[in-house]
């Protein structure tokens, strides 16, 4: 673990500044996704939407017995494999699914209760694919309601923490003074950095090429700074990001920081690099292990995936 250089400190301080933050031009349908679907909440003819990721196995857990042979896939070529259990459906999507595409999956139940069948619409997303979804057809039990209440309370606490952090940052100065004033720097550890340029694993088919990657760790926060070049013909702006752990756990960032779009590396613009900083609230436990960073643009078509992202300990 190395102490941060002044440049590294400034990078993390800038990541905490709301100036120049890039944002998606449209609401991301997958952002508010819940791992629990209550069929009675949807009117007849309207299918619940579930976000999936290329190559990311997803399991649906139902509260009713299923007809084992009832599974209908609108396009079986989307999947490498699938399986139906007594109360589960597991799907293994292919690695090359196109973000934004949709497909319907239908399954029927073994009893005579309503509804006899249900259809789920799967939506491909570059980073926010679910791994497990619970589908509720019957009235919720007390245990289910208690679990929902606990999850809602945890989400509320997380939101409150983020709001407190963002409000506090609005009144602190810029630069190193801001890092100190916001509590990112403490007397014992300061801000640590880790050079990852040669350690990260670039996914084949990435829309941009990484040239330098550095991770940072401060008190209750981590950040990843990525320098990229754009081999395409259209400027690129990050609209969303996620860090996914080895067990599928997701860390969602604070607003991204990107000063300007990354221009095409066309003749006369060779070597032009752009920087994206992804910052997250993370406990000491969450800062351990290896993560995969996924960045996407507003259209969710041109993505950047970097594996083996780790943080200083």
Next item on the list: Note down the relative contact order for segment 36-139 as a percent, whole number, built from C-alpha pairs under 8 angstrom at least six residues apart.
Entry: 43
Next item on the list: Looking at segment 36-139, send over the antiparallel percent of its DSSP beta bridges, to the nearest 5.
Entry: 65
Item checked: Label point at residue 42 placed 7 Å out along Cα→Cβ; residues across segment 76-106 whose backbone nitrogen lies under 15 Å -> 89, 102-106
Check: How are the C-alpha pair distances of segment 199-313 spread across 10 Å bins, as whole percents from the shortest bin up?
Finding: 14, 48, 29, 8, 1
Margin query: Per residue, how big is the convex hull of segment 36-139 when only Cα atoms are used? Give it in Å³.
Written below: 90
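Which peptide among 289-299, 67-77 comes first, and what is the full order, when sorted by highest mean count of other Cβ atoms within 10 Å? Don't skip to the answer; put the middle values down first.
On the way: 289-299: 20.8, 67-77: 12.1.
Put in order of decreasing packing, that is 289-299, 67-77.
What do you get when you divide the Cα radius of gyration of segment 186-259 by 2.2 N^0.38 Å, with N the number of residues? Please list the in-between numbers first.
Numbers: Rg = 14.2 Å, N = 74, 2.2 N^0.38 = 11.3 Å.
In units of the globular-protein estimate, segment 186-259 measures up at 1.26.
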Checklist line | Pair residue 252, residue 83: separation of 7 Å Cα→Cβ label points (nm) | finding: 3.0
Notebook entry, point to check: Quick one: if the Förster radius is 35 Å, what FRET efficiency do residue 75 and residue 284 give, using the C-beta to C-beta distance and rounding to 0.05?
Noted result: 0.20
Margin query: Modelling each spin label as a point 7 Å along the Cα-to-Cβ direction, I'd like the residue 308/residue 264 distance in nm, to one decimal.
Written below: 3.3
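For the pair residue 202 and residue 121, what calculated FRET efficiency results from E = 1/(1 + (r/R0)^6), where r is the Cβ-Cβ distance and R0 = 45 Å, to the nearest 0.05? Mind showing how you got there, number by number?
On the way: r = 32 Å, r/R0 = 0.70.
E(calc), rounded to 0.05, equals 0.90.
Since every read-out is calculated from the coordinates, none of them should be taken as a lab result. In this text the structure is predicted, and so the values were computed from the model without any measurement. As a convention, Cβ positions derive from the backbone with ideal geometry for all residues, glycine included, and neighbour counts pool all protein chains shown.
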